[in-house]
Amino acid sequence: MSSIVAHGIAARLPDGFEGRIFVRPRALGATYPVAQFGTFPLPDDIGDFGSGAVTLMGPDDVFATLFEYGPESVGTALFARQGRPPAFSPDDFSPIVLRRGLVGQSGTQWFFTEAGRPFSFYAVLGSHQRRELLVPRVNTLVTSFALIPVTPVTPGARPQWN
Amino acid sequence: MTVPLRAPGPDGYWVEPEEGGDVIALVVVSTFVVLVFSILVTGLLRSHADILRSLHELGVGVGDPIPAGDQGSLASPAPVTLGPTAAGAPALGPAPTVAGVTPAGDARAIAVGNGDHLTLLGFLSSGCATCAPFWEALQAPRSLELPGGTRVVIVTKGQDREAPGEVQARATGHVPVVMSTDAWVDYQVPGSPFFVLVDGTTGHKVGQGVASTVGQLAELVRRAEHDRTPGRTQRRPQPATLGGPAREAAADDVLRGAGILPGDPSLYPRTLEDVFPSGPAAPEAPGIVNGRSVRTKS
């Protein structure tokens, strides 16, 4: 079992999963951490929610992304839920939740706040018909990562000349 | 004033001075010199033996018998062991996930046993002159003409042993570059450049070693792919390899085959009803919060 840590997100990857935790270049505007996980080879140049990756999934594959939003989202109704969902059931997955509808696949998306940070967790199953087998893999993944509170940088804490 | 070399004795006779002290000094110096040279020669012989042993472990031991039919390899005396293991030979063992950081400081983990493709791990260093051509070639896998679906990953030592800036300067972004000293330890990499070929179907290493030229490396990967069990079925769709005009033409062919010709109204939807004629309203797309986009790429 491998571990990866970056940008306040740590994950102990379950067997068969690979992943990455990154922040897009600031040239794109305000950017926040994104963590992506998959049971298949993840190309480097894919969209935050898996465009360019979900088309490569087989029926036994799982893709998930943990997407952080800006601090202005904390306290809004969408992120009112405290903490990630403890576990998903097969009924939580639906073909119409997919960011890009692909025949046979299904997905789920949840918004929540944890460690004072607003997140969305979006997962895709390679086969909706096989969700009974695939959802436990998603549940294992969800419990594998830790979210570290981000300490706001106050002006006094910054290094400065006296 | 000149000092006489000889002088008369007290009895008035000239006598020869004693030479025993000079001889002893000469013997001592000679012995010391011989001793020093012996130590030097012993050290050189030991160093030479170490080099020979290392070469032997890499598969090009001096004086090793050349296998019959392999005379051609004399032209390229490279230490080559990359390739599938012979039948009956001990397996090279499972290939662990490569986890580390990218030169940009992001985290990256590459699982090498999660597909039916080959993964070529290239263990390179930023300061190794021999690695330079491999840095360039491995980041252009198509020019290498590797078997379709072969995944190439470059692994350098971690940030404690490599300067991220130098690695970043060599990375083009076309293939994953992972900085991980742990991976070098896990794969028992003796030095760079070093290559490991993993069969994703089994998650086991099918070959490892070094190659002196890029062409030699590509040929060994092709041979390994050829030697894999034939009749394998692919579990996943392969990444599209078309780009530009070829991709556009392929898309046109698919649309034409589905009866969608240029000017078809379905190509120019104006409302959601055009896209979902009888379905429910499309859910809010991920990345949209309170009706506004918060991320540029999805």
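The values are calculated or read from the model by the stated rules, or taken from the named source; none is laboratory data. Here the structure is a predicted model, which means the values were calculated and not measured. Every residue, glycine as well, gets a Cβ built from its backbone with ideal geometry; the counts of neighbours run over all protein chains shown.
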Item checked: Those residues of region A:5-52 which are among the hydrophobic types (A, V, I, L, M, F, W, C) and over 21 Å from B:Gly100 (Cα atoms), in sequence order -> A:Ala27, A:Leu28, A:Ala30, A:Phe49
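Picking from A:Gly50, A:Gly83, which residue would you name as being touching a residue at least 12 places away in the same chain (Cβ under 8 Å), at positive phi, surrounded by 18 or more Cβ atoms within 10 Å (Cβ to Cβ) and more than 8 Å from every other protein chain (Cβ to nearest Cβ)?
Working: A:Gly83 fails: surrounded by 18 or more Cβ atoms within 10 Å (Cβ to Cβ).
It is A:Gly50.
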Next item on the list: Quick one: count up the residues across region B:239-271 that are at pLDDT below 70 and of a type outside the set (D, E, K, R).
Entry: 8
Next item on the list: Can you tell me which residue among A:Arg100, A:Arg20 is closer than 17 Å to A:Val142 by Cα and either surrounded by fewer than 22 Cβ atoms within 10 Å (Cβ to Cβ) or facing another protein chain (nearest Cβ under 10 Å) (or both)?
Entry: A:Arg20
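Residue under question is A:Ala64, and the condition is that it be at pLDDT 95 or above, at negative phi, under 14 Å from the mean Cα position of the chain (by Cα) and within 9 Å of chain B (Cβ to nearest Cβ); does it hold?
Criteria not met by A:Ala64.
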Check: Hey, does region B:45-59 have a residue that's assigned to a strand (DSSP E or B), surrounded by 12 or more Cβ atoms within 10 Å (Cβ to Cβ) and either touching an Asp or Glu at 6+ places or on another chain (Cβ under 7 Å) or at pLDDT 70 or above (or both)?
Finding: no
Notebook entry, point to check: Among the listed residues A:Thr31, A:Thr39, which satisfies the condition of being crowded, with 21+ Cβ neighbours inside 10 Å and among the hydroxyl-bearing types (Ser, Thr, Tyr)?
Noted result: A:Thr39
Margin query: With the requirement that a residue be more than 16 Å from the chain's Cα centre (by Cα) and either more than 8 Å from chain B (Cβ to nearest Cβ) or modelled with pLDDT of 95 or more (or both), what does region A:23-45 give you?
Written below: A:Pro25, A:Arg26, A:Ala27, A:Ala30
Next item on the list: Evaluate the following for B:Val152: is it assigned by TED's automatic domain parsing to the domain that holds B:Ile110, touching a helix residue (DSSP H, G or I) at 6+ places or on another chain (Cβ under 7 Å) and modelled with pLDDT of 90 or more?
Entry: yes
